[in-house]
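Take a look at the structure below.
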Amino acid sequence: MRTDVRYPVTVVGSWPRPSWLLEAMKRRSPALADLQDQATLLAIKFQEDAGVDIISDGEQRRDNFYSFIAERLEGIRLMTLAELLDYVEDKAAFENLLNALDVPAFAIRNPVVIGKVRRRKPLAMDDYRFLREHTRKAVKITLPGPYLLSRSTWVKGLSDSTYPDGDTLGNDIVAVLREELKELAEAGAEMVQFDEPVLSELLLAGRSATRTFMCAALAASSSPEGELERAVNLLNRTVERIHGPVVSVHVCRGNWSRNEEVLLSGSYDGLIPYLNRMNLDQFVLEYATPRAGSPRALAALRPPAQIGYGVVNPRTADVESVDEIVHRVRELTEVVSSDRIFLNPDCGFGTFAERPVADASTAFAKLGALAAAAKKLRAS
Ligand SMILES: [Zn+2]
């Protein structure tokens, strides 16, 4: 890796898009590709100037962290959650869920499988090449995880003529992601992160709410344990025998609203036995809010697995102080050795293009605080 410092500072992925980029996306401007390049250069500069060690492209070419696959894979079409309502078995319950969780149903687009899934063009390889050409820093490439993709894109009435269920679709999703990961490994990508935002939701939202908003079609009958087993299996098949990058999984606790009360609360405790069976190098977890409980739970995470430790909240206007961040890291070093700890914000700053949770100047200040805290920790 191009960084060999202790407490490497990195990001979870997305950066708030500039207003001119959002405007161009909406108008489907013919200059969009150029503008996406310019926005990516800005996202790189912000991260470099803030002192981030491992940077991302800010996902400036993506509408959100998983919808972008619709442009790059065959057999997928984008639908807003509002459009999807017509296909959900229990329409009223799904509508209530969206309202209760403060989900922007018209702003979030969900990719839906409508035919055989195969690569039209690479999912992230072109993004990686652009990033590599424009920074000397180590880089992180983000991809939606196989569990999220096989669950959120399979919708009864739209997908079942091609794939009878989410499991058969899962085989093709794994094949697509493996192809991508192999190419990224051969090209020398330092970090690849799979986003599996709903794993904590399966566990923390309870049995009654297994129909998560990002997985409208999730069978109401399946148990959280069964779903987590499925996720372990899919991730392990995706990474099997591919070596090179530090491969991680990011598990969210909710980043779609700035209203903390609608977001998930509860410890990662119950997830750890499943994480321990994933053949991955790093687990990127959110610990910046009291909703996550104590980081002492991470004592149970098998060494030498690394922790991408979320220590700043991307959704608040207040910037965490350096001492506050240092204190959070010291809590973790009581149970996990420092060489296993990477520092990052809890989640992306602009997960959904039209509803970023931070503006660029706040995000920049938060990354700066993170880098200053890392410096202080390294000196001690
Ligand atoms: Zn997250």
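The values are calculated or read from the model by the stated rules, or taken from the named source; none is laboratory data. As the structure is a prediction and not an experimental result, all values here were calculated from the model. Cβ atoms come from the backbone with ideal geometry, glycine included; neighbour counts cover every protein chain shown. The accessibility values were calculated without ligands, DNA or RNA, using every heavy atom of the protein model including side chains. Shrake-Rupley method; radii C 1.70, N 1.55, O 1.52, S 1.80 Å.
The residues of region 22-76 have, on average, 40 Å² of accessible surface per residue, using a 1.4 Å probe with all protein chains present. Each Cα pair of region 226-345 feeds into the Kirkwood radius, which the Stokes-Einstein equation turns, at 20 °C and 1.002 mPa s, into a diffusion coefficient of 141 µm²/s.
Once the chain from residue 260 to residue 338 is taken as fully extended at 0.36 nm per residue, the excess over their C-alpha distance is 25.1 nm.
The share of alpha-carbon pairs in region 24-77 lying farther apart than 14 Å comes to 62%. Compactness of region 263-326 is given as radius of gyration and Dmax, 12.8, 37 Å, from Cα positions.
Between residue 269 and residue 168, the modelled label-to-label distance comes to 4.1 nm, taking each label 7 Å out from Cα in the direction of the beta carbon. Report ³J(HN,Hα) in whole Hz for each residue of region 184-191, in order, from the Karplus equation J = 6.51 cos²θ - 1.76 cosθ + 1.60 where θ = phi - 60°; Gly and Pro get x. Going residue by residue, I get 5, 5, 5, 7, x, 4, 6, 9 Hz, with x marking Gly and Pro. Looking at region 274-380, the accessible area is 37 square angstrom per residue; that uses a 1.4 Å probe and ignores ligands, DNA and RNA.
For an R0 of 35 angstrom, estimate the FRET efficiency from the Cβ-Cβ distance between residue 45 and residue 331 and round to the nearest 0.05.
Once the sixth-power term is evaluated, E becomes 0.60.
Using only Cα coordinates, the Kirkwood hydrodynamic radius of region 21-152 works out to 16.6 Å.
Using only alpha carbons, region 293-368 has a radius of gyration to Kirkwood radius ratio (Rg to Rh) of 1.02. Among 143-150, 85-92, the peptide with the highest mean count of other Cβ atoms within 10 Å heads the list, and the full ranking is 143-150, 85-92. Taking amide H positions as modeled 1.01 Å from N, with prolines and chain starts lacking one, the residues under 5 Å from residue 110 and 5 or more places away or on another chain are 79, 80, 81. Taking 0.36 nm per residue of sequence separation and removing the Cα-Cα distance, the residue 119/residue 33 pair yields an extension gain of 29.0 nm.
Seen from a random direction on average, the alpha-carbon convex hull of the chain projects onto 16.5 square nanometres. Label-to-label distance for residue 379 and residue 5 is 1.3 nm, based on points extended 7 Å past Cα in the beta-carbon direction.
In whole percent, and with a 1.4 Å probe on the protein chains, what portion of the accessible area of the chain is carbon and sulfur? The computed percentage sits at 49.
Find the Rg to Rh ratio for region 104-164, where Rh is the Kirkwood radius over alpha-carbon pairs and Rg uses the same atoms. Rounded to two decimals, Rg/Rh equals 1.10. Among DSSP beta bridges lying fully in the chain, give the percent that are antiparallel, nearest 5. Taking every DSSP beta bridge within the chain, about 20 percent pair in antiparallel fashion.
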